[in-house]
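Inspection log for the structure reproduced underneath, given as structure tokens.
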Ligand code: ACO
């Protein structure tokens, strides 16, 4: 049997507290209309005090394992930009709480591109013979790092988690990951960052001031980079696996802004209707965005077994990545 990585289960969750656009209107001099028309977002979900990324990751992980009909894996890879603590990594705690004691578990830090990086890493361990079954999770409590006074970012993000199970299988099985394209450009790291709290700042000898501990983003510049990079990366991937662009049934792009999804569709020459839109319900959930969108599309019948799916993500780093598969017959857990 060949050593392809095959998606055999998927699960997703968002915390129960829903926050509509109106919640920001007065405090941030914005409006539901501005947010809807400039981003496509109508609402997002946010954690309550005391809930952290691992809590979301455990629930999504449970659902993915249930969907795959499995209770054991060889490895847990967790993509997150909002770990429970600066250290240790969050994945070992998630693995323990899932009853997967002593399996290797680690975090991947590639911000919004994290899930695609985690998928590639997990698939690599299967291909190399290191593992046969991997739980890959993207989870974020992103609301916890947002500056409540910054209307350019506070309105965009939400919390949630999505997970998939990958298993060793034949390369022609539905669900087999057929290829990846990954890239980064650290020369533009300052477009998306938390400036305080890391060694660059802490080598000065003090913990971060409150005003340097928040997430920052130069939205307009990021918009252009996101559209161009996701389009280029998707094109490269499709060429590698020999899929004509028109053969792609569903484009599952990082859910940052519906205008970016439309721009990418236009740039690669795919009808806009083939781009899955989930950000209207959950906002930008960073590393959780792609698995949440996949689970939503599968649960609502937008994604059907046999569909050719191209995914592409972009975010802080800058880092971006794309992956492709034929959608398998899985029921979200
Ligand atoms: N409400 C009302 N007005 C606003 C708001 C708001 N919430 N936010 C910004 N504005 C104003 C600005 O102040 C500006 O006013 P000015 O012209 O008087 O200066 C005006 O709207 C236009 O601002 P822009 O930043 O140019 O607005 P734009 O249309 O680009 O939308 C947005 C901003 C939504 C942030 C957009 O740039 C965007 O989606 N960027 C990409 C985000 C993204 O892709 N992120 C993915 C990576 S994130 C990660 O990795 C974690």
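The values are calculated or read from the model by the stated rules, or taken from the named source; none is laboratory data. Predicted model only: the values in this text are computed from it and were never measured. As a convention, Cβ positions derive from the backbone with ideal geometry for all residues, glycine included, and neighbour counts pool all protein chains shown.
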Out of the residues in the stretch 1-10 that are in contact with a helix residue (DSSP H, G or I) (Cβ under 7 Å, 6 or more places away or on another chain) and in a strand (DSSP E or B), which is nearest to residue 118 (Cα to Cα)?
5
Taking the criterion of being within 21 Å of residue 153 (Cα to Cα) and crowded, with 24+ Cβ neighbours inside 10 Å, would at least one residue in the stretch 230-239 satisfy it?
yes
Looking at (1) closer than 30 Å to residue 148 by Cα; (2) out of contact with any helix residue (DSSP H, G or I) (no Cβ under 8 Å at 6 or more places or on another chain); (3) more than 16 Å from the ligand (Cβ to nearest atom), which is the only condition residue 242 fails?
(1)
Looking at the stretch 11-23, which of its residues are over 15 Å from residue 159 (Cβ atoms) and either assigned to a loop (DSSP other than H, G, I, E, B) or within 12 Å of the ligand (Cβ to nearest atom) (or both)?
21
With the stretch 120-199 as the region, which strands (runs of 3 or more DSSP E) entirely inside it contain at least 2 residues that are in contact (Cβ under 8 Å) with a residue 24 or more places away in the chain and surrounded by fewer than 24 Cβ atoms within 10 Å (Cβ to Cβ)?
160-169, 177-184
Residues (under 20 Å from residue 223 (Cβ atoms) and part of a strand (DSSP E or B)) located in the stretch 284-333
284, 311, 312, 313, 314, 315, 319, 320, 321, 322
I'd like to verify a number: residues in the stretch 82-107 that are within 16 Å of the ligand (Cβ to nearest atom) and either in contact (Cβ under 8 Å) with a residue 60 or more places away in the chain or assigned to a helix (DSSP H, G or I) (or both), how many?
1
Looking at (1) at pLDDT 95 or above; (2) over 22 Å from the mean Cα position of the chain (by Cα); (3) more than 16 Å from the ligand (Cβ to nearest atom), which is the one condition that is false for residue 205?
(1)
Identify the single condition in (1) modelled with pLDDT of 95 or more; (2) more than 16 Å from the ligand (Cβ to nearest atom); (3) more than 30 Å from residue 17 (Cα to Cα) that residue 182 does not satisfy, given that it satisfies every other one.
(2)
Inside the stretch 24-73, the number of residues satisfying the requirement of being assigned to a helix (DSSP H, G or I), crowded, with 18+ Cβ neighbours inside 10 Å and within 16 Å of the ligand (Cβ to nearest atom) is 4
Within the stretch 147-164, how many residues are within 12 Å of the ligand (Cβ to nearest atom) and touching a strand residue (DSSP E or B) at 6+ places or on another chain (Cβ under 6 Å)?
4
Does residue 84 satisfy the condition of being under 30 Å from residue 20 (Cα atoms) and either surrounded by fewer than 22 Cβ atoms within 10 Å (Cβ to Cβ) or out of contact with any strand residue (DSSP E or B) (no Cβ under 9 Å at 6 or more places or on another chain) (or both)?
yes
